[in-house]
Amino acid sequence: MKAYLPFPTVLVIAGLLAACSSDAPTGEPAPAAESPGVESSAEWIDLFDGQTLEGWTASENPDTFRVEDGVIVTHGPRAHLFYTGPVANHDFKNFEFRADVQTTPGSNSGMYFHTEFQEEGWPSKGYEAQINNSGSDSRRTGSLYAIQDVTETLVGDDEWFTQQVTVSGKQIIIRVNGQIVVDYTEPEAPERSADMSERLLSSGTVALQGHDPDSKVLFRNVQVRWFE
């Protein structure tokens, strides 16, 4: 003779089995976070339309920048190209900034962040993620310029690579082709020389550097996304 469980008991057992099944491993690893401890609140947004420099403002020598074959070419006397367009009102705080970059031999450039438009000179506000694969400066691509420097050459000239900056609170992470090369946390009272007194986290726009007439650097896929 078969024994039957009361109907309410069957429902309880079924519920327990379902709960156990939902917790069981699926064989698929959990996706890795884009940035440690940070969850993105936006998709990547293009800052460069691939055709014009609309939304960007150049300092002191605007002819240093031009668009050619869908890329931003920096080649000429010192100048900086600041994003001044409508995305987030060009004022980013906790965010990620990335671009595909190609250098030519001996060239120097950089990607500034938490900065602001400046008519002339090297931007005084914010930080610079260095771009330099074979130039005379020992600070190589991936350096948080003059704060946490990379002396190893990570990528070569005449090839595309991706440099990405992540800012979360007081933490700055720089990646080159997805590899973390700088992980820096700004201290509460950072020591800065007089000429770098504004090399601090706050908020601001981003900028691309035209370093000198002998430097030719290409940029494409210039993008940002930001966090809550």
Modelled label-to-label distance, THR185 and ALA146, 7 Å Cα→beta-carbon offset: nm? 2.5 nm
Sorting check: for 142-154, 72-84, which peptide has the highest mean count of neighbouring beta carbons within 10 Å, and how do the rest follow? 72-84, 142-154
Amide H neighbours of LEU154 at under 5 Å, excluding residues fewer than 5 places away on the same chain, with H built from the backbone geometry, are THR141
For ASP49 and GLU159, FRET efficiency with R0 = 22 Å and r from the beta-carbon atoms, rounded to 0.05? 0.35
Inter-site label distance for THR104 and SER134 at 7 Å from Cα along Cβ, in nm: 1.2 nm
Rounded to whole Å, give me the distance from the Cα center of the range 39-112 to that of the range 204-226. 4 Å
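Read the figures in this text as sums done on the coordinates, not as results from a lab. Since the model is a prediction, treat every value here as computed from it, not as a measurement. Glycine also receives a Cβ, built like all others from the backbone with ideal geometry; neighbour counts cover every protein chain displayed.
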